[in-house]
Every structure is written in structure tokens, then in C-alpha cells.
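The block underneath contains the structure these notes are about, expressed in C-alpha cells.
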Amino acid sequence: THVSRLRARLPVSAKPYRFEVAVELDVSEARSLLRAGRIREALARVPGTVLAESDTPGVAAVREELAEELRQAALAAGDAEALIELAERMPGDLELWEAALGALPDGDPRRALAQARATRLARDYGVERAAPLRAS
């Protein structure tokens, strides 16, 4: 069934099954961009959840690994744009919202959103927080 579905989109040889054209995976490209420190480009390459409708264990593992790789890269870089984009994709991630809040400059209108989300999540998770984070 899977091979028939693939053949509808790509040329696939008979057994052994092989793609008959070069195939680039968004996941591979995103990981290459991450290795090069190009976090925003990696995020743009994978604008959503990898094969969100698939519950295949291997696909789920790749999906979770890439999400965490993107998350860790954004946290390590402290890039406000990458952090706010990921926080919006992962709305329940308190650490991302707090990091985004800390990275956004004073006067940025998104600070209010980040502050509100971080405050609500901290309350929901029972986490005590100090005073609101300020940009450095």
C-alpha cells in the first residue's frame, strides 16, 4: 500500500524498491541548516510538524527529535525571532516563552504576549517565577 502511494507521487523501481529520482528531505535540509547555525532558515524549511498525521514509530521519532533539535538550537542562540516562532508553535513550552521574553527588546509589542503566556504557564505548572524577565 505504501509503495503504491509513493508511486503516485514519485517514480519507484520494482523490487528492490528504490526512488528513481533524487529526493531531498526537509528534515535533512533543516538539520544541515542547524549545523551551520542558520536557525531561522531551518525553521522556515520545516514550517509545521513533520508528517503530523503519521503515527509510524520511526516518523514519530524523527518528528520529536527534530522539534527538540530546533528548540535547543533556538534556546542556545537566544535568537528572539526564532524563540518567539518556536514558542508559538509549541504554546505549552514555558522555557521557550521565558527565553523569548528575555530575548525580545523592550518596546517590542510581542513582549506582552510572551509575558502573558509565560505567566499563565508558570501558574498552570505550579512554577514560582521571579519578577517579569527584561531584555538584556
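The values are calculated or read from the model by the stated rules, or taken from the named source; none is laboratory data. These numbers come from a predicted model, not from an experiment. Backbone-built Cβ (ideal geometry, glycine too); neighbour counts: all protein chains shown. Ligands, DNA and RNA are excluded from the accessible area calculation, which covers all protein heavy atoms including side chains. Shrake-Rupley method; radii C 1.70, N 1.55, O 1.52, S 1.80 Å.
Counting just the residues of the stretch 16-39 that are in a helix (DSSP H, G or I), without any contact (Cβ under 8 Å) to a residue 24 or more places away in the chain and under 13 Å from residue 73 (Cβ atoms), which one comes out most open to solvent (accessible area, probe 1.4 Å)?
This residue is 35.
What number of residues within the stretch 40-64 satisfy the criterion of being farther than 10 Å from residue 27 by Cα, outside any loop (DSSP other than H, G, I, E, B) and either of a type outside the set (A, V, I, L, M, F, W, C) or touching a residue at least 12 places away in the same chain (Cβ under 8 Å) (or both)?
6
If residue 64 meets every condition in (1) closer than 20 Å to residue 93 by Cβ; (2) open to solvent by 50 Å² or more (accessible area, probe 1.4 Å); (3) touching a helix residue (DSSP H, G or I) at 6+ places or on another chain (Cβ under 9 Å) apart from one, which number is that one?
In the conditions (1) closer than 20 Å to residue 93 by Cβ; (2) open to solvent by 50 Å² or more (accessible area, probe 1.4 Å); (3) touching a helix residue (DSSP H, G or I) at 6+ places or on another chain (Cβ under 9 Å), residue 64 misses (3) alone.
Step by step: first the residues of the stretch 1-15, then only those that are open to solvent by less than 100 Å² (accessible area, probe 1.4 Å) and assigned to a helix (DSSP H, G or I), then the one that is farthest from residue 78 (Cα to Cα). Which residue is that?
Per the criteria, the residue is 4.
Yes/no matrix, rows are residues, columns are (1) under 9 Å from the mean Cα position of the chain (by Cα); (2) of a type in the set (D, E, K, R); (3) open to solvent by 70 Å² or more (accessible area, probe 1.4 Å); (4) closer than 21 Å to residue 119 by Cβ:
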site: 41; (1), (2), (3), (4): no, yes, yes, no
site: 46; (1), (2), (3), (4): yes, no, no, no
site: 53; (1), (2), (3), (4): no, yes, yes, no
site: 70; (1), (2), (3), (4): yes, no, no, no
site: 76; (1), (2), (3), (4): no, no, yes, no
site: 84; (1), (2), (3), (4): no, no, no, yes
site: 87; (1), (2), (3), (4): yes, no, no, yes
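Of everything in the stretch 71-126 that's assigned to a loop (DSSP other than H, G, I, E, B) and free of Cβ contacts under 8 Å to residues at least 12 places away in the same chain, which residue is farthest from residue 50 (Cα to Cα)?
107
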